[in-house]
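Handing you this structure, nothing more for now.
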């Protein structure tokens, strides 16, 4: 019987224990599993290749994304690396967004510099993005929507159609949304990639990643490469992520509600030069986000007037936001991308992507909205007083 994503998240792994009939599945931490006899392996033999707890998580994430199979990795970058090796032949071509996450850019740039593939960076939010994809005819189109940290919105339907028309595979980094907010495979993407460190786990105590494939053959290739590269996730981290999944949808509802309150409060503040949030009617991707997302996410970026000194005045003194990298946890965070998450990008590359010294990125948590609003307004007042 079909069930909703919310129900699938809550029920992930529940009642699956056939040994002791525990409601919550046990954690399997063993690195190896006994063969029944010579040449008689069971479904699990060595935990890098397969682990019972990790398999439960992969099955749950496959269902949430509507895919045919998944691989769980030890980090989001592990999932990205696995997807690149599975989808791009040596000497192939990758089209990727010019304003991607700094770690993604670093990996793509490094592999391209070594001759692994040719890299074409382009603005995938531009009106001619689909035409550019058809022109380049890549082996892989890499999409990040909303983009990190400027929250650009790419047209999944148009880009997927253009890529498939030239026999390209499409991978979408869905970290900013999770399956609770956006389902790339439903728009025709071949692979949905996420850092499960973020919303899937939701408690900032796990590093992990996942790549879910729409096709069973591609899913097997992802698993093969993750095992070959040695980037599969561990049993305990998988257990914690399974636990996080059970509250994903209720957490996301509060994240979205708090983000809307945050945006309403800071809009028009004299210290805010630009506000990036797809829920705003004047955001260039607003209509597109409304069509392909179930909500507008809980990441808000803004530029403060006065550059980095104003950023320091804003963040130094905040009590409800921790100055830290990452996002998607129950706690609110604030980040200065230029010196933190995107520091790997040279300044000229940052400038080309639209990252300026006054940009800050907020990951809105699930604290009381009034406290979050009061704290950020006090910080903006400090920035405005410089």
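Which of (1) surrounded by fewer than 20 Cβ atoms within 10 Å (Cβ to Cβ); (2) closer than 24 Å to residue 350 by Cβ does residue 143 not meet, given it meets every other one?
So the condition that residue 143 fails would be (1).
Got a number for residues in region 274-288 being touching a residue at least 24 places away in the same chain (Cβ under 8 Å), assigned to a loop (DSSP other than H, G, I, E, B) and either outside the structural domain of residue 360 (by TED's automatic domain parsing) or surrounded by fewer than 18 Cβ atoms within 10 Å (Cβ to Cβ) (or both)?
The number of residues fulfilling the criteria is 1.
I would also like to ask the following. Tell me which of these residue 237 doesn't satisfy, since it passes every other one: (1) part of a helix (DSSP H, G or I); (2) within 29 Å of residue 368 (Cα to Cα); (3) outside the structural domain of residue 142 (by TED's automatic domain parsing).
(3)
Determine whether residue 190 is within 20 Å of residue 118 (Cβ to Cβ), surrounded by 22 or more Cβ atoms within 10 Å (Cβ to Cβ) and at pLDDT 95 or above.
So residue 190 fits the description; yes.
Spot the failing condition for residue 331; the list is (1) in contact with a strand residue (DSSP E or B) (Cβ under 7 Å, 6 or more places away or on another chain); (2) surrounded by fewer than 21 Cβ atoms within 10 Å (Cβ to Cβ); (3) under 29 Å from residue 125 (Cα atoms), and only one is missed.
(3)
While we're here: Is region 193-202 home to any residue that is in contact with a strand residue (DSSP E or B) (Cβ under 9 Å, 6 or more places away or on another chain), farther than 26 Å from residue 46 by Cα and modelled with pLDDT of 95 or more? Even if it seems obvious, please write down each step before you answer.
Residues of region 193-202 that are in contact with a strand residue (DSSP E or B) (Cβ under 9 Å, 6 or more places away or on another chain), as a first pass: 193-198, 200.
Now restrict to residues that are farther than 26 Å from residue 46 by Cα: 198.
Within this subset, residues satisfying the condition of being modelled with pLDDT of 95 or more are 198.
The answer is yes; a qualifying residue exists.
Here is a yes/no grid of residues against (1) modelled with pLDDT under 95; (2) buried (at least 17 other Cβ atoms within 10 Å of the Cβ); (3) out of contact with any helix residue (DSSP H, G or I) (no Cβ under 8 Å at 6 or more places or on another chain); (4) over 20 Å from residue 206 (Cα atoms):
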{"site": "63", "(1), (2), (3), (4)": "no, yes, no, yes"}
{"site": "68", "(1), (2), (3), (4)": "no, no, no, yes"}
{"site": "72", "(1), (2), (3), (4)": "no, yes, no, no"}
{"site": "82", "(1), (2), (3), (4)": "no, yes, no, no"}
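So residue 48 clears everything in (1) in a helix (DSSP H, G or I); (2) in contact with a strand residue (DSSP E or B) (Cβ under 9 Å, 6 or more places away or on another chain) except one condition, right? Which one?
Every condition holds for residue 48 apart from (1).
The values are calculated or read from the model by the stated rules, or taken from the named source; none is laboratory data. Because the structure is predicted, anything quoted here is derived from the model rather than measured. All Cβ positions, glycine included, derive from the backbone under ideal geometry; neighbour counts span all protein chains shown.
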